[in-house]
Amino acid sequence: MRPSAVVTHLTSEDLAQREPVLPRIARLLRPYRVQIALVLVAVVVAASLSAVGPFLTRAVFDNALFPLDGSEPDLGLLAWLVGGLCAIPVVVALIGIFQVWLTSTVGNSAMADLRGDLFEHLQKMELAFFTATKTGAIQSRLANDVAGVRTVLTDTASTILQNTVTVGAAIVSMVVLSWQLTLITLFVMPLFVLMQMRVGRVRQRLARRTQESLSDMTAITEEALSVSGILLSKAFNRGDSEVARYRGANRRQTRLQVEQAMTGRTFFAVVQTFFAITPAFLYLFSGWLITGGTPLGEDTMTAGTLVAFTTLQSRLQMPLLQLMRVTLDVQTSLALFRRIFEYLDLQPAITERPGAVALDPAQLRGRVELREVSFRYPEPRALSGSPAGDRFGDSGIRIGDDTDRPETSGWALEEVSLVVEPGQLAAIVGPSGSGKTTATYLVPRFYDVTEGAVLIDGHDVRDLTLSSLADAVGMVTQEPYLFHGTIRDNIAYARPDATAEQIEQAARDANIHDRIMGFPEGYETITGERGYRLSGGEKQRLAIARVLLKDPAILILDEATSALDNETERLVQEALERATRSRTTIAIAHRLSTIQSADVIFGLEDGRIVEQGTHHQLIAAGGLYKRLYDEQFSREPHGRPQCDSRRADVSL
Ligand code: ATP
């Protein structure tokens, strides 16, 4: 019995819950502490200045216009007071401009940092994460979720600060003016706070659902409006159903947005009404206070105090309401932060060991060995969010054994051992799904073996630095990926510092130079997204040029299955021969003719090596290879094994 190594996973939510969100946000803002301190000073100065205003108003009434001692109005004092009343708003406004500039710089920079960190982190994630996660869902977290926390990082923080100080200063001033009236104004506040907390929780839940639905929509857009998606829907005439799917998600999004906008509206209306009618009650209480008719005792209430107090009270309304609204925004943003941190907490499964060895390119011989390798694909599991595929695979966190798993199921490779000596051309053959691609993916560590080891020149690939391993291994995949850019950029991707001559030489060796020169713009021709503007044979040769420019010691070749005309096939074949010369090559060949000269051929069936040898040895052995060979010949009338687009049974 082989012990099963695939095990229970910690969910990323477990991880996210390990560290509270707020300290993490604080850490995000740490590089900007000087600017934040300046904002704080600006806010305190502006709020304190604003709080002085009502005292000047009181003095206007009680000392300048209608002096309490019954003397004549003091116009000189009035001029000073009016001057002060005019200067304060101007200074406060100037401070406000400075503060908005500071907060917006801090907020946007912090957001850019977050987006950059997230991108960098995702870049480190293993292939399994991307095979199990919808591209749109990843894009949505990078774009929508990060954009969603923008307000909290720019406006919200300063709004909270500003309003807290304003409210604090106003309350202190109100207490100084009349503690009794202050008590009456504020007695319902605890109730408001409780209501606000409840609304906040609902809003947080809604925010999470809204982002999930937004992520679904981005995923649908990405799927349906990408070149492959459009091709698929046009070919199968599914345009209408794609539109219906999008409209459905769109309606859900609208419902959620409206629900989110309406949550807490009644609450805000109650608060607003309360503030609107409070002055009336204050006049009434003042009357009682002046006449000593309340249990709060008598007060020396003056007209100036009352005017100043009601001014303050009405000024309290805006900041308080804003504070409540903003706290709701914060709660909404916390939900988004959690979604972002959830991605940031995913541990990449393929990492570099401390003290990893760098392969020296000068010393590299290129011996590849798979030693008793068994492999099963990691189980994808659900992330919080979209049940419709916002999923990812093995996070690399392994804590214990999953012994309940049936022992035989799910192994893509079982106890595979093979050796490819330096400079050899090795071929892997076998029926479709037998694990050929999987075996080659283990060499550059696209996945890590579940058991056993992959060795390059005797080093376990897990002991090598990721970058030296990546430099040592080159790949030409079945469907070469070309990004939207010029042909030159696409080839130079392998070596950005390559000279024009080196790029052209690689293109010549790949038999594509003449074709490129035939395009009106030559090397500057735009390939179109994923190379859709090029033919299959052209794309393959461009991919070969790219790998020739990289010049790796080990080349992995997953030959394309699509049919090429004879001339193109000859060109590709020649290019491949040049590419495989003088380096270790592992080829998954779909044309038998291409591997007859291979130094060694491995026959793979159901994830196990069932035979190995040269073409002649394997034909003589009469096993899997012979069977595949005969099948291919029997279909080819001229007796020459041909390209095979029906790889189900003759995938070679
Ligand atoms: P083909 O010739 O059709 O390309 P192959 O021999 O290269 O086939 P692999 O692609 O290596 O076969 O697949 C081997 C097995 O692993 C198959 O059963 C396949 O369904 C499974 N498999 C491949 N990729 C994944 C993945 N990302 N997650 C889970 N299972 C996978």
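The values are calculated or read from the model by the stated rules, or taken from the named source; none is laboratory data. If you're wondering where the values come from, they're calculated on a predicted model, not measured in any experiment. Quick reminder, even Gly has a Cβ in these numbers, built from the backbone with ideal geometry, and neighbours come from all protein chains shown. The area values use the complete protein model at the heavy-atom level, side chains included, leaving out ligands, DNA and RNA. Shrake-Rupley method; radii C 1.70, N 1.55, O 1.52, S 1.80 Å.
Take the residues in segment 582-605 that are among the β-branched types (Val, Ile, Thr) and under 15 Å from Gly430 (Cβ atoms), then tell me which one is farthest from the ligand (Cβ to nearest atom). If you could, list the steps in order and put the result at the bottom.
Pass one, segment 582-605, residues among the β-branched types (Val, Ile, Thr): 584-586, 588, 594-595, 600-601.
Within this subset, residues satisfying the condition of being under 15 Å from Gly430 (Cβ atoms) are 586, 588, 595, 600-601.
Values: Ile586: 12, Ile588: 6, Ile595: 14, Val600: 18, Ile601: 14 Å.
Applying the filter and picking the extreme gives Val600.
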| task | Kindly state which helices (runs of 4 or more DSSP H) lie completely within segment 594-652 and contain at least 1 residues that are of a type in the set (Ser, Thr, Tyr), surrounded by fewer than 21 Cβ atoms within 10 Å (Cβ to Cβ) and modelled with pLDDT of 70 or more. | result | 624-635
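If we scan segment 137-157, do we find a residue that is of a type outside the set (A, V, I, L, M), under 10 Å from the mean Cα position of the chain (by Cα) and within 16 Å of the ligand (Cβ to nearest atom)? Write out each step before concluding.
Residues of segment 137-157 that are of a type outside the set (A, V, I, L, M), as a first pass: 139-141, 144-145, 148, 150-151, 154-156.
Remaining after also requiring under 10 Å from the mean Cα position of the chain (by Cα): 139-141, 144-145.
Narrowing further to those that are within 16 Å of the ligand (Cβ to nearest atom): none.
Checked against the condition, which is being of a type outside the set (A, V, I, L, M), under 10 Å from the mean Cα position of the chain (by Cα) and within 16 Å of the ligand (Cβ to nearest atom), segment 137-157 yields no hits at all.
Give segment 333-364 a look and list any residue that's charged (D, E, K, R), assigned to a loop (DSSP other than H, G, I, E, B) and surrounded by 15 or more Cβ atoms within 10 Å (Cβ to Cβ), or say none. If you could, list the steps in order and put the result at the bottom.
Taking segment 333-364 first, the residues charged (D, E, K, R) are 338-339, 342, 345, 352-353, 360.
Add one more test, that the residue is assigned to a loop (DSSP other than H, G, I, E, B), and what stays is 345, 352-353, 360.
Within segment 333-364, Asp345, Glu352 meet the criteria.
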| query | Would a scan of segment 150-170 turn up a residue that is in contact (Cβ under 8 Å) with a residue 40 or more places away in the chain and farther than 26 Å from Ala42 by Cβ? | reply | no
| said: List pairs: first residue in segment 410-438 and over 16 Å from Leu370 (Cβ atoms), second residue open to solvent by less than 30 Å² (accessible area, probe 1.4 Å) and within 15 Å of the ligand (Cβ to nearest atom) anywhere in the structure, Cβ distance under 7 angstrom, at least six positions apart or on different chains. | reply: Gly410/Arg376; Leu425/Ala587; Pro431/Ser651; Ser432/Ser651
| task | Would you point out which residue out of Thr437, Thr477, Thr465, Thr450 is of a type in the set (Ser, Thr, Tyr), open to solvent by 20 Å² or more (accessible area, probe 1.4 Å) and closer than 26 Å to Ala362 by Cβ? | result | Thr465
| request: Filter segment 453-462 for residues that are open to solvent by 10 Å² or more (accessible area, probe 1.4 Å) and free of Cβ contacts under 8 Å to residues at least 60 places away in the same chain and give the result. | output: Asp460
| query | Out of curiosity, is Glu577 at pLDDT below 85, away from the ligand (no atom under 16 Å from the Cβ) and under 42 Å from the mean Cα position of the chain (by Cα)? | reply | yes
| request: Write out, first by first residue and then by second, each pair whose Cβ atoms fall under 8 Å of each other, whose residues are 6+ apart or on separate chains, and whose first residue, in segment 200-222, is closer than 19 Å to Arg265 by Cα while the second is among the charged types (D, E, K, R). | output: Leu206/Glu259
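Select from segment 419-442 the residues that are assigned to a loop (DSSP other than H, G, I, E, B), within 13 Å of the ligand (Cβ to nearest atom) and either out of contact with any Phe, Trp or Tyr (no Cβ under 7 Å at 6 or more places or on another chain) or farther than 15 Å from Met475 by Cβ (or both) and list them in ascending order.
Let us first name the residues in segment 419-442 that are assigned to a loop (DSSP other than H, G, I, E, B), namely 421-424, 430-435, 442.
Within this subset, residues satisfying the condition of being within 13 Å of the ligand (Cβ to nearest atom) are 430-435, 442.
Listed by number, the residues that qualify are Gly430, Pro431, Ser432, Gly433, Ser434, Gly435.
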| query | Quick one: is Thr159 at negative phi, modelled with pLDDT under 85 and buried (at least 18 other Cβ atoms within 10 Å of the Cβ)? | reply | yes
